[in-house]
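The values are calculated or read from the model by the stated rules, or taken from the named source; none is laboratory data. Fair warning: this is a prediction, and the values are worked out from it, not measured in the lab. Glycine also receives a Cβ, built like all others from the backbone with ideal geometry; neighbour counts cover every protein chain displayed. What goes into the accessible areas is simple: the full protein's heavy atoms, side chains included, and nothing from ligands, DNA or RNA. Shrake-Rupley method; radii C 1.70, N 1.55, O 1.52, S 1.80 Å.
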Amino acid sequence: MTLANLMDRLPRKGIEDLAFPRNLLGTFRRKSITFCTGVTDETTIVYWLQSRTFSLDLRLSEAADTPVTERQGWVGDTLWDDQARQLSWRIAKSYQPRNQWPEPAKLSFIGNCVLEFAPSGAYVEDWRQKSAAGPFLGLRLVSAISEASGQEFALDGGLIVAGEHAAFAQSRLPMIDEALQRAASLDDALADGVATVAEIESYEVSVAVGGRTITYSTNSQRQGQTIGSGAFSIRSDGLVAQEGFVGSDPCVLLYRVDAFEPDFVFDNQTPSTLEAADWMEQEKRHLARHAVMTG
């Protein structure tokens, strides 16, 4: 069945036990990052998609022209510290051989904006919600079965559909990942012959903006292809299976259902005091003249 058929047949798995503020569910584009030095980056392509318990993150400094060794992408378990009001991530494997964003996130919310402050004071990131309403699906990739050998092996990743947007992540083969983890950097791994460009790119994080066609990806070959294009099925143990590939080898990807709401409204507003609402209404000729929803 197709991804759309799958969402027609999957039973609902709600977010009642959500550990963090629901403002964080959906698709976020980074509008800017401002550093303590006073400089701001509004150019780098950065997307963050959030499911109930895991995140997908893609960062490309030059969009499709980002050098292979400078791309960033990862999937991670989302951890919430309610006392400190901080978000952090447990990342087992990522595109890069090291964690380039080690700080937790101290968050503030206003409208469709999430402000992420580094506790050290190094930077603040301005994220904007892009999802409005529609299906909300989170599938956490747990393993794959080789069609050739029948062998099942661990694989990290996930698939998130958040209204009109979607993302997919899939880690490298364990043997390739282990070799890259021993390298100081991807540049060194490439120069030393530890891995080929294709093997480095095989850690995929892809984002489809405004549909299911991939807009940005760590894998050059995936741009313009479709997220969730392989046939899906629901197994008797509740796992979702999808026909796919690991490298060039046909396999079956196995997912655990993390969340599924067939008709979900994503948060694009935050509350204010009655006095603030009265002020905005009174002054709307000035305040609302050029105000638009940005994502």
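The table below lists the values:
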{"quantity": "Candidate set from the range 246-259 (those that are of a type outside the set (Gly, Ala, Ser) and farther than 29 Å from residue 24 by Cα); member that is most open to solvent (accessible area, probe 1.4 Å)", "calculated": "249"}
{"quantity": "Restricting the range 98-145 to residues that are crowded, with 21+ Cβ neighbours inside 10 Å and part of a loop (DSSP other than H, G, I, E, B), the residue that is farthest from the chain's Cα centre (by Cα)", "calculated": "112"}
{"quantity": "Condition broken by residue 35, with the remaining ones in (1) surrounded by fewer than 16 Cβ atoms within 10 Å (Cβ to Cβ); (2) within 21 Å of residue 142 (Cα to Cα); (3) of a type in the set (Phe, Trp, Tyr) satisfied", "calculated": "(2)"}
{"quantity": "Residue within the range 231-245 that is acidic (Asp, Glu), outside any strand (DSSP E or B) and surrounded by fewer than 21 Cβ atoms within 10 Å (Cβ to Cβ) present", "calculated": "yes"}
{"quantity": "Restricting the range 243-283 to residues that are of a type in the set (S, T, N, Q) and touching a residue at least 24 places away in the same chain (Cβ under 8 Å), the residue that is nearest to residue 52 (Cα to Cα)", "calculated": "268"}
{"quantity": "Listing of strands (runs of 3 or more DSSP E) fully contained in the range 13-73 that carry 2 or more residues being aromatic (Phe, Trp, Tyr) and either in contact with a Leu (Cβ under 9 Å, 6 or more places away or on another chain) or at pLDDT 95 or above (or both)", "calculated": "26-35, 45-50"}
{"quantity": "Any pair with Cβ under 9 angstrom, 6 or more apart, that starts in the range 45-63 at a residue that is under 17 Å from residue 256 (Cα atoms) and ends at one that is open to solvent by 10 Å² or more (accessible area, probe 1.4 Å) and basic (Lys, Arg)", "calculated": "51/140; 52/13; 53/140; 54/140"}
{"quantity": "Search result, residues across the range 240-295 that are farther than 30 Å from residue 226 by Cβ and among the polar types (S, T, N, Q)", "calculated": "269, 270, 272, 273, 282"}
{"quantity": "Members of the range 39-58 that are more than 16 Å from the chain's Cα centre (by Cα) and open to solvent by less than 60 Å² (accessible area, probe 1.4 Å)", "calculated": "41"}
{"quantity": "Residues being under 16 Å from residue 157 (Cα atoms), outside any loop (DSSP other than H, G, I, E, B) and open to solvent by less than 10 Å² (accessible area, probe 1.4 Å) - total across the range 171-195", "calculated": "1"}
{"quantity": "Residue 269 being surrounded by 14 or more Cβ atoms within 10 Å (Cβ to Cβ), at negative phi and not small (Gly, Ala, Ser)", "calculated": "no"}
{"quantity": "Test: residue in the range 3-19 that is surrounded by fewer than 18 Cβ atoms within 10 Å (Cβ to Cβ), over 29 Å from residue 234 (Cα atoms) and not charged (D, E, K, R)", "calculated": "no"}
{"quantity": "Which numbered condition residue 153 misses (of (1) assigned to a strand (DSSP E or B); (2) at pLDDT 95 or above; (3) in contact with a strand residue (DSSP E or B) (Cβ under 7 Å, 6 or more places away or on another chain))", "calculated": "(2)"}
{"quantity": "Any pair with Cβ under 6 angstrom, 6 or more apart, that starts in the range 196-212 at a residue that is open to solvent by 30 Å² or more (accessible area, probe 1.4 Å) and ends at one that is in a loop (DSSP other than H, G, I, E, B) and not hydroxyl-bearing (Ser, Thr, Tyr)", "calculated": "210/164; 212/227"}
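Residue by residue, here is whether (1) in contact with a His (Cβ under 6 Å, 6 or more places away or on another chain); (2) surrounded by 15 or more Cβ atoms within 10 Å (Cβ to Cβ); (3) aliphatic (A, V, I, L, M) holds:
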residue	(1), (2), (3)
24	no, yes, yes
30	no, yes, no
61	no, yes, no
65	no, no, no
73	no, yes, no
83	no, no, no
86	no, yes, no
